[in-house]
Amino acid sequence: MTFQIILLAALVLASAAAILAKDLLKSAVALAVASLFLGIIFFRMGAPYAGVFEISVVAGLITVLFMLTIALTKQGGDVRESKTVKVVFPLFFAVFLLIDFFVMRGILAQVPALEGAAEAGTFGDVLWKERSFDLIGQLAVILAGVFAVLALFRKRNHHDH
Amino acid sequence: MIINEWVVYLLFAAVLFFLGLYCLLTMRNLIKLFIGIEVIGKGVSLVLLSTGWARQSIFLAQSLVVTYIVIEVSLVATALAVIINLYRVNQTLDIRSLTRLKG
């Protein structure tokens, strides 16, 4: 559990770096590092498929997409952020951590036990037999995404203005 | 014992959620805002998987997380395409330049 807490802390640190970094490229890389830590946490929880997806797709593909966007929007990319954002952040963060700690301890007192029998079968059984409808949804979402990107990047005709 | 560890996961996931929400409320760069949404998504998938782990139904949680990741990729592709198009129209990534949509 100690190692897991270290990984969780690293995940939070990388996410904070992604949000607070001034350079957008650095934030994209920090987000990829955060995904890497999350993937390792998933592995250690006994969820190798989720870990593989998290590391390959989120840390790989999404980072590439982010970098592509940052490269394409380079000239106007410097948006001046309000200076108070970083100054006020530690204050809000400390207050939130206090609230978070007490709320989660309250949850600990309220939840008697998370019931549930151990699952039978393998990950493939659960994904293909119990959640097969999800797969149709996933296909539909991917198709919708492809069409959305195609629609957003289509060439303008000469006829319509 | 396992509930104690589950609460630790929830605590860290709430911190991730806070970070993303803070980013969404305070930042002005469109890409930064989207990174905030990504961080919130990480927190949500951590909650999903840790709850499944604590309930000993890790396979179900895992399939939900995989579904979420696939949807996330589609979402990111579409949103970044929208951001690039907004940049082409406005020549800036500042969220405050989008006030032309006001009624």
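When residues of region A:12-26 are filtered for being farther than 17 Å from A:Leu68 by Cα, more than 7 Å from chain B (Cβ to nearest Cβ) and either open to solvent by 50 Å² or more (accessible area, probe 1.4 Å) or in contact (Cβ under 8 Å) with a residue 12 or more places away in the chain (or both), how many remain?
Qualifying residue count, region A:12-26: 5.
Restricting to region A:107-154, name every residue that is charged (D, E, K, R) and modelled with pLDDT of 75 or more.
Correct list: A:Asp125, A:Lys129, A:Glu130, A:Arg131, A:Asp134, A:Arg154.
Counting only residues that are surrounded by 14 or more Cβ atoms within 10 Å (Cβ to Cβ) and in contact (Cβ under 8 Å) with a residue 12 or more places away in the chain, give me the helices (runs of 4 or more DSSP H) lying completely in region A:32-117 with at least 3 of them.
A:48-53, A:63-72
For B:Tyr68, all conditions in the list (1) within 20 Å of A:Leu139 (Cβ to Cβ); (2) within 7 Å of chain A (Cβ to nearest Cβ) hold save one; what is the number of the exception?
If we test B:Tyr68 against (1) within 20 Å of A:Leu139 (Cβ to Cβ); (2) within 7 Å of chain A (Cβ to nearest Cβ), just (2) comes out false.
Is it true that some residue in region A:74-92 is facing chain B (nearest Cβ under 8 Å), of a type outside the set (Ser, Thr, Tyr) and over 30 Å from B:Arg28 (Cα atoms)?
No: zero hits.
Just checking, how many residues over region B:13-35 are facing chain A (nearest Cβ under 7 Å), out of contact with any Ser or Thr (no Cβ under 9 Å at 6 or more places or on another chain) and not hydroxyl-bearing (Ser, Thr, Tyr)?
Adding up the residues that qualify gives 4.
The values are calculated or read from the model by the stated rules, or taken from the named source; none is laboratory data. Note that the structure is a prediction, hence the values are computed from the model and not measured. Cβ atoms come from the backbone with ideal geometry, glycine included; neighbour counts cover every protein chain shown. Only protein heavy atoms, including side chains, enter the accessible area calculation; ligands, DNA and RNA are left aside. Shrake-Rupley method; radii C 1.70, N 1.55, O 1.52, S 1.80 Å.
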